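Input: a single structure, listed below in structure tokens.
The values are calculated or read from the model by the stated rules, or taken from the named source; none is laboratory data. Quantities reported herein were computed from a predicted structural model and do not represent experimental measurements. Every residue, glycine as well, gets a Cβ built from its backbone with ideal geometry; the counts of neighbours run over all protein chains shown. For the accessible areas, the whole protein counts, side chains as well, though only heavy atoms, and no ligand, DNA or RNA atoms are used. Shrake-Rupley method; radii C 1.70, N 1.55, O 1.52, S 1.80 Å.
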Amino acid sequence: IADGASIIDIGGESTRPGAAEISVEEQIQRTVPVIRAIRNAGPIGENVVLSIDTRHAAVARAAVEAGADIVNDVSGGTFDPEMLSTVSELHVPIILMHMRGIPQSMQSLTNYDNEGGVVDSVVAGLLERTRAAEEVGIPRWMIVLDPGIGFAKDLEGNLSLLKHYSKMRRKLGDFPLLLGTSRKGFIGTISGESEAEERDFGTAGSCVAALCLGNGGDDNNMATLGCNILRVHNVKGCKQAAALMDAIVRAR
């Protein structure tokens with residue numbers, strides 16, 4: 001928070017490639033005490049926005065009841081059939097991410113050749129999830145979309161999504177977009193950094209690239225930029241990089 005984070009994303013289950021599923025009970029035991037502790041930490045903890053990162057409706061409900069503000073579902077509401085209706089009942093925003101399969105299988109599902117390529121396929125998949133969310137009563141203005149960098153995408157798929165962020169923005173319309181490239185494997189492949197913690201410079205580069213390449217054509221209108229939320233580990237470094245890019249864009 002001191003480094004500039006506006007949202008803290010809290011999760012009790014890793015969804016990195018190959019990760020095993022964690023029980024609902026264990027996720028609740030891991031996350032709810034953290035949420036409560038933050039909410040009880042004084043003015044800073046009371047005012048920061050908290051997101052619960054989960055694919056399970058029961059975890060989402062427990063977290064929101066404990067003080068979380070947003071549900072972040074990497075499966076886009078497909079893993080748990082009760083997720084979208086639960087979020088609708090809780091009256092909180094939801095982040096819908098594009099993903100194929102589950103963490104154990106998703107990296108074998110990276111071919112999009114028969115679906116018009118990765119960009120068009122991701123756009124179609126995300127729009128389908130927004131329709132499903134709206135059908136159960138989640139308002140359009142409470143939906144954030146995430147193309148799912150690193151989730152069922154290979155190196156070229158990740159790079160294509162970043163390069164064509166403006167195309168994706170135009171096709172997705174006015175939904176806010178979240179970008180989550182932080183410390184992911186494709187950055188390690190390009191940079192040669194095998195340790196995730198050493199990929200912060202590459203992360204900052206990918207964030208700035210998405211902001212610049214996602215520009216809808218109006219350099220003076222930041223609302224046209226490709227993503228609205230950056231999900232990162234090194235908040236200070238990425239915020240500095242984004243702030244500098246913002247200043248350059250706004251310069252005469």
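So the values come out like this:
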read-out: Neighbours by Cβ (under 6 Å, 6+ apart or cross-chain): first from the range 172-194, on the phi > 0 side of the Ramachandran plot; second part of a loop (DSSP other than H, G, I, E, B); value: Arg183/Arg199; Arg183/His233
read-out: Residue match in the range 233-248 (condition: within 17 Å of the chain's Cα centre (by Cα), modelled with pLDDT of 95 or more, closer than 14 Å to Leu177 by Cβ and part of a loop (DSSP other than H, G, I, E, B)); value: no
read-out: Residue satisfying all of: in the range 221-232; assigned to a helix (DSSP H, G or I) and aliphatic (A, V, I, L, M); modelled with the highest pLDDT among these; value: Ala223
read-out: Residue in the range 101-111 that is open to solvent by less than 10 Å² (accessible area, probe 1.4 Å), touching a helix residue (DSSP H, G or I) at 6+ places or on another chain (Cβ under 9 Å) and in contact (Cβ under 8 Å) with a residue 12 or more places away in the chain present; value: no
read-out: Filtered residue count, the range 11-25, keeping only those that are assigned to a helix (DSSP H, G or I) and buried (at least 17 other Cβ atoms within 10 Å of the Cβ); value: 1
read-out: Residue in the range 164-180 that is of a type in the set (S, T, N, Q) and either open to solvent by less than 10 Å² (accessible area, probe 1.4 Å) or in a loop (DSSP other than H, G, I, E, B) (or both) present; value: no
read-out: Residue list for the range 65-84, restricted to those being under 12 Å from the mean Cα position of the chain (by Cα), not in a strand (DSSP E or B) and not polar (S, T, N, Q); value: Val74, Gly76
read-out: From the options Ile8, Ile28, residue that is under 14 Å from Ile95 (Cα atoms), open to solvent by 40 Å² or more (accessible area, probe 1.4 Å) and not aromatic (Phe, Trp, Tyr); value: Ile8
read-out: Among the candidates Ile44, Ile102, Ile1, residue that is modelled with pLDDT under 95, part of a loop (DSSP other than H, G, I, E, B) and over 25 Å from Phe186 (Cβ atoms); value: Ile1
